[in-house]
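Working notes, structure below.
The values are calculated or read from the model by the stated rules, or taken from the named source; none is laboratory data. Everything numeric in this text was worked out from a predicted model, so none of it was measured. Ideal geometry is used to build each Cβ from the backbone, glycine not excepted, and the neighbour counts take in all protein chains shown. These area figures cover heavy atoms from the full protein model, side chains too; ligands, DNA and RNA do not enter into them. Shrake-Rupley method; radii C 1.70, N 1.55, O 1.52, S 1.80 Å.
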Amino acid sequence: MITVSKEDYLKAILEAEGEGETVISATLAHWLKVSPPAVTMAVRRLTKDGLVRVNADGRVRLTAAGRRIARKLTERHHLIERMLTEIFGMAWYQVHDEAERLEHAVSPAFESRLVAKLGRGRPCPHGNLSEMESPASRRRRGLMLLSEAEPGPNYVVSGIYERDRNLLEFLEARGVRPGTRLNLLERNYDKTFSIKAGSRPIVLGRAAAERIWLWRPPLHSL
């Protein structure tokens, strides 16, 4: 039986991989805000169920069965976020927390109605695709993290990692959201980044810059 707790662990592993993290027990304790002994017990149960495996170096990996469950839950989360913004008009920086609460309660029948209403393939309100891309996959699509970009004009915010509500509110207050055009003015000596979103100059720390994906549209489309 796949419980809510097991689903949360599987989804956390997939999400952490999507953010480029090496998933070990400490990673899951931090992401799920649980104690290390609780993670040890949960990983042991998931391993017994054939949903994860633990490498010799301690890295926790999803099996094919575990990945299917995690992807299904991630897709449902994505649909709920879109429902909250596209149908109910909820602010983009609020919907992640709501979707976390609702994703376990959505029935297959209601999920099918959401797909019929919203369609598939569109990004979530944070600009991210439902299949939980890896950083390497995003780079193959021509995206780059703000922390990796060279100073210059005409960047567009493609997506923002959504798990940190405080970061999302911080960026919203400064006019930085998916679709925002910005200029990267300078990579500063203190590892901050001076940007300009619209007419507003902003300084972001590295922690924020590592969570914002950018792309540069072709010059003829500007």
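When the chain is treated as a Gaussian network with alpha carbon springs shorter than 10 Å, the biggest mean-square fluctuation among L114, L79, L129 belongs to L114.
By a 1.4 Å probe calculation restricted to protein chains, T192 has an accessible surface near 30 Å², given to the nearest 10.
The trypsin sites (Lys or Arg not before Pro) of segment 1-92 that DSSP puts in a loop, and whose beta carbon has at most 11 other beta carbons within 10 Å, are K33.
Which values of log₁₀ I(q)/I(0), to two decimal places, follow from the Debye formula for the chain at q = 0.11 Å⁻¹ with a uniform point scatterer at every Cα? Those come out to -0.60, one per q.
Using C-alpha pairs below 8 Å separated by at least 6 residues, the relative contact order for the chain is 16 percent. When all protein chains stay in place and ligands, DNA and RNA are ignored, the 1.4 Å accessible-area order of W213, W92, largest first, is W92, W213. Beyond 21 Å in Cα-Cα separation lie the following of the pairs K6/K48; K33/K191; K11/K48: K33/K191.
Distance from the alpha carbon centroid of segment 70-99 to that of segment 169-218 works out to 24 angstrom. When M41, M90, M83 are compared by accessible area of protein heavy atoms, the largest-first order is M41, M90, M83, using a 1.4 Å probe. Distance between the modelled labels on D97 and Y189, one decimal in nanometres: 3.9 nm (7 Å Cα→Cβ projection). What part of the accessible area of segment 1-51, given as a whole %, is carbon or sulfur when the probe is 1.4 angstrom? Carbon and sulfur: 62 percent of the exposed surface of segment 1-51.
Taken about its Cα centre, the chain carries a charge dipole of about 460 debye when Lys and Arg each add +1 at the Cβ and Asp and Glu each add -1 at the Cβ.
Here's the list of lysines a cross-link from K117 could span, going by alpha-carbon distance under 21 Å and ignoring same-chain residues fewer than 8 apart: K72. Among Y93, Y155, the order of accessible area from largest down is Y93, Y155, computed with a 1.4 Å probe on protein heavy atoms.
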